[in-house]
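Just so it is clear, none of the values below were taken in a lab; they were calculated from the coordinates. Every value quoted in this text rests on a predicted model; they were computed, and no experiment measured them. Every residue, glycine as well, gets a Cβ built from its backbone with ideal geometry; the counts of neighbours run over all protein chains shown.
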Amino acid sequence: MFTPATRVAAVASLAGVVALAGSMFTPAAPSVPAVSAPSALTDRPNIVLVLADDLDMSLLRKMPNVESLANSGVTFDNSFVVDSLCCPSRAATFTGMFPHNTGVRVNTSTPGIPDPTGGYAAFQDHEDSTFAVSLQQRGYHTAFMGKYMNQYPVEDGAPLPPGWDQWNAVSSGGYRGWQFAMTTTVPGSDVVLTESYTGLEDDQYVQTVLGERAVEFIDGAEPGTEPYLLEVAPYGTHSRVGGRAHPGDPRFPPAFQDRPNDIDTDGDCGGVGVGVSRDCTRLSIRHLDGFGQPTEDNRPYSRDGSVVRPGWLPVEPVESQDVRHLSRDYRNRARMAQSVDRIVGDVVAAAQGEPTYVVFSSDNGFRLGQFQLGRGKGSAYTPDIQVPLIVGGEAVPDAMRGSTRDEVVLNVDLASTFEDIAGKRRPTSFHDGSSLLPLVRSERSVPWREMGYVEHVQPTDAQDNPDQEASTNRVPTFWAVRSADALFVETRLRVSEVGAEPVWKKGFEYYTGLSERGAFEDTNRYQPGDRQIRQMRAALHAYRTCVGKDCRAITAQ
């Protein structure tokens, strides 16, 4: 059982308030070997998921606790998200479903509109389908803390999402780093209360609060009883949204202990390895793969092989002034990453001595000047869709510690993975992803997909969208398939207008050699008759409308 948290007494005293508030592919599914179901409740490992926000692959080398987790766990080198926007990606992680099945296509919706496609309004009908509901039904004690879906109302009387025993969702004030609200649960109630964090010191920085709350939850678990599921979703390394908590706060606001100060004149940008400097002086976007790449070579082609114009990528290089600004952003993102890294270190330390899987990932990547674009995300290119995925903790078999896997894995695989850990042998019927547990527990090869699927709907100017970067909003609607080495993209491009009506045309891109170190999407090599392109296009068309087992069955020949 779980011992009561220190705040329970205070929360219980507000129960009356709550009461008032509540008045080419093979058609057969891969035969992934099933992991034996646990024989007793205590045999089921605990699960901790730390899901960062906008944390791209370039920051991993600045995060020593994450590196330590990788050294004691399994790293997936080809891990991708199915949409590199926050809410569509998070909805996919929670449910194991592609965005075309969740209906969450963008970050936010205008309140009151029928059939919303973004944010909490679009996701609410799927809250009964999350991995939390499944694991709670299987005897796990569940807790969520941090960033939930955009536009979830963090206020007294807000609905408690099903499946969660402890619910500590943080308001959009978390984007500032300070001055936010957090929900609290009351036993027996299906609505929540809130508590406010108004301080401006590091002890009330959002990542600090989440780390402490996570350790408090883990420490409340009594060994040998019910296992727990904990998701910690920090706001780092997302940019600040809205006003500044402090005068002069940068676009990416780190904790003060990681900023330049009298002792560390350039702040703490982290570092991995013995003797590695933790300063920021050498961090520049010029070192990012894809920076300075001319985009004329990325022009999409029509089906007959002719160039589609206009394309959507800028052709002008990033100006030197912008390089300075974006490099400053890069350094502050590395500083912000230290607070996320501390959360990882804290939960790993707190979970010692118990069989626990600690999973680290991000909702999407992020770019800072690559492909002549400014800061942003949303595209099918590697900086946006590739995310860290590390499975560590004491539940990982000794033989797998420090290992890497090169299979193409997706964030829709996590829901099935967590259910598999909890002893559910067969994937839930609506899951589009497959369990990663066989890849974590054994070095042997198992039948697996060759290509992952990515889809994206161009954002609109909906209210409260926290991702208003021009380079994010300019990314057109697309569908893509990605293997370890290649990317095929079909894009819906607005090429002209006839009267008041836009004229649309399909554009195609194909890139290879992406498995090589430092590779990026440098030259569109689309040729209509290419055999590999035909295979990837066939897989893409199968993915676009697939549901459940049909999605899991798509494997390239």
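Between A399 and A349, the contour length at 0.36 nm per residue exceeds the Cα-Cα span by 15.9 nm. Note on the chain: helix-only mean residue ellipticity at 222 nm, from DSSP H runs of 4+ residues weighted -39500 (n - 2.57) and normalised by residue number, equals -6500 deg cm²/dmol. When each of F430, F144, F508 is scored by the number of other beta-carbon atoms lying within 10 Å, the sequence from fewest to most is F430, F508, F144. Gyration tensor over the Cα atoms of region 310-392: the corresponding equivalent ellipsoid has semi-axes (square roots of 5 times the eigenvalues, largest first) of 34, 16, 6 Å. Apply the a/c threshold of 1.5 to the C-alpha gyration tensor of region 273-362 and tell me whether it is rounded, prolate or oblate. Judged from the Cα gyration tensor, region 273-362 comes out oblate (a/c at least 1.5, b/c at or above a/b). Shape analysis of region 83-242 based on the Cα gyration tensor places the equivalent ellipsoid semi-axes at 23, 21, 14 Å, largest first.
Which FRET efficiency, nearest 0.05, do S445 and E501 yield, Cβ-Cβ r, R0 60 Å? FRET efficiency, S445 to E501: 0.70.
When each of S72, S496 is scored by the number of other beta-carbon atoms lying within 10 Å, the sequence from fewest to most is S496, S72.
Here region 166-226 is treated as a Stokes sphere of Kirkwood radius computed over C-alpha pairs; at 37 °C and 0.692 mPa s its diffusion coefficient rounds to 258 µm²/s. Full extension of the chain segment joining E216 with T545 gains 114.1 nm, where the gain is 0.36 nm per residue of separation less the Cα-Cα distance. Net length available on complete extension from T265 to S320 is 17.4 nm, with 0.36 nm assigned per residue and the Cα-Cα distance removed.
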